[in-house]
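Data first, discussion second: the structure below is written as structure tokens.
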Amino acid sequence: MITGHRGAAALAPENTLAGIQKAFESGIEWIEIDTQLSADNIPVIIHDKTVRRCTNGKGRVGELTLSELKTLDAGSWFSNEFAGETIPTLKETLLACQENGLNMNLEIKIHNEHEVKPLVEKVVETVKHLNFPVETLLFSSFSHTALAYCQDLYPEVRRGFVTKHKPSNMLDTIKPLNLYSLHIDHRILNETLAKSIKEMGLILMIWTLNDPKKIDKFTAWGVDNIITDKPNIF
Ligand code: G3P
Ligand code: MG
């Protein structure tokens, strides 16, 4: 399977509805997007701690209200074609996925540990309120505590652990999380590690692979799902 990273980050501004549209047009099954809370506790879709890189504004995402975030242009930094694109809410992206028949890998983006509880609670509330089908949803996070809290609040939704470190005892520490998948930086994956992940019964996902020449190597190692910025060529 192919997942569009941050929507389709090479084709449209990352984490926008335009990106989800590009992913859909590429004919893929999944998108990955990052969520965190606005100052007024609305889950919004943005990767960085601040709005600087991906909008024309400045300040921390968590210190700006939704209406302040919505005044920002989240498209022009990428190209003029996307001028006026805004930071979407989680609700808007869930609806866009449903309309387009896309599965959503929702990365719970934790910049500070104290964000875990309020963010997971709001995410779960939003997903439940929309009756978003759990079979088309996957929560993921670099944060163990976020995944554990997702398991407490909404165990029916699958969970994936995201990592960029070679595991020493990592494969043991994640066992209690009862995970569906492991999402590993493709640069640190090797055949032996892939084998041990698969032997744990986990779905193996890699990020962020943009060179299609490497697809065969990874699929031969048992990789199930490739997260890419370029879903069109994958
Ligand atoms: O979820 C996979 C990947 O998105 C993790 O890294 O920094 O792009 O959110 P990042
Ligand atoms: Mg991400």
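Go through the residues of the range 42-65 one by one and say whether even a single one is without any contact (Cβ under 8 Å) to a residue 60 or more places away in the chain, part of a helix (DSSP H, G or I) and either away from ligand 1 (no atom under 16 Å from the Cβ) or of a type in the set (Lys, Arg) (or both). The answer is yes, given that some residue of the range 42-65 is without any contact (Cβ under 8 Å) to a residue 60 or more places away in the chain, part of a helix (DSSP H, G or I) and either away from ligand 1 (no atom under 16 Å from the Cβ) or of a type in the set (Lys, Arg) (or both).
When only residues in the range 109-141 that are out of contact with any Cys (no Cβ under 9 Å at 6 or more places or on another chain) and over 24 Å from residue 40 (Cα atoms) count, which is most open to solvent (accessible area, probe 1.4 Å)? So the residue we want is 135. Report yes if residue 105 is open to solvent by less than 20 Å² (accessible area, probe 1.4 Å) and touching a residue at least 60 places away in the same chain (Cβ under 8 Å), otherwise no. Yes; evaluated as a whole, the condition is true for this residue.
Entry remark, the range 3-25: residues being over 13 Å from the mean Cα position of the chain (by Cα) and open to solvent by 10 Å² or more (accessible area, probe 1.4 Å) number 8 in total. Could you please let me know if residue 40 is within 16 Å of ligand 2 (Cβ to nearest atom), farther than 22 Å from residue 234 by Cβ and open to solvent by 10 Å² or more (accessible area, probe 1.4 Å)? For residue 40, the condition - within 16 Å of ligand 2 (Cβ to nearest atom), farther than 22 Å from residue 234 by Cβ and open to solvent by 10 Å² or more (accessible area, probe 1.4 Å) - is not met.
Quick grid of which residues meet (1) at pLDDT 95 or above; (2) within 26 Å of residue 183 (Cα to Cα); (3) within 15 Å of ligand 1 (Cβ to nearest atom):
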residue: 5; (1), (2), (3): yes, yes, yes
residue: 21; (1), (2), (3): yes, yes, no
residue: 30; (1), (2), (3): yes, yes, yes
residue: 70; (1), (2), (3): yes, no, no
residue: 76; (1), (2), (3): yes, no, no
residue: 80; (1), (2), (3): yes, no, no
residue: 87; (1), (2), (3): yes, yes, no
residue: 96; (1), (2), (3): yes, yes, no
residue: 106; (1), (2), (3): yes, yes, yes
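Picking from residues in the range 204-217 that are open to solvent by less than 40 Å² (accessible area, probe 1.4 Å) and either part of a helix (DSSP H, G or I) or of a type in the set (A, V, I, L, M) (or both), the one that is farthest from ligand 2 (Cβ to nearest atom) is 215. For the criterion of being surrounded by fewer than 12 Cβ atoms within 10 Å (Cβ to Cβ) and either more than 25 Å from residue 9 (Cα to Cα) or away from ligand 2 (no atom under 16 Å from the Cβ) (or both), residue 178 fails.
Against the test of being open to solvent by less than 40 Å² (accessible area, probe 1.4 Å) and more than 21 Å from the chain's Cα centre (by Cα), the options 59, 75 yield a single qualifying residue, 59. Being closer than 16 Å to residue 225 by Cβ and modelled with pLDDT of 95 or more is a property that residue 161 has. For the range 159-172, the condition holds for no residue, the condition being that it is farther than 16 Å from residue 200 by Cα, among the small types (Gly, Ala, Ser), out of contact with any helix residue (DSSP H, G or I) (no Cβ under 6 Å at 6 or more places or on another chain) and touching a residue at least 24 places away in the same chain (Cβ under 8 Å).
In this structure, residue 230 qualifies as in a loop (DSSP other than H, G, I, E, B), within 16 Å of ligand 2 (Cβ to nearest atom) and in contact with a Leu (Cβ under 8 Å, 6 or more places away or on another chain). Of all residues in the range 121-133, one or more are touching a residue at least 60 places away in the same chain (Cβ under 8 Å), farther than 24 Å from residue 24 by Cα and in a helix (DSSP H, G or I).
The values are calculated or read from the model by the stated rules, or taken from the named source; none is laboratory data. These numbers come from a predicted model, not from an experiment. All Cβ positions, even for glycine, are placed from backbone atoms using ideal geometry, and neighbour counts span all protein chains on display. Keep in mind that these areas ignore ligands, DNA and RNA; they rest on the heavy atoms of the full protein, side chains included. Shrake-Rupley method; radii C 1.70, N 1.55, O 1.52, S 1.80 Å.
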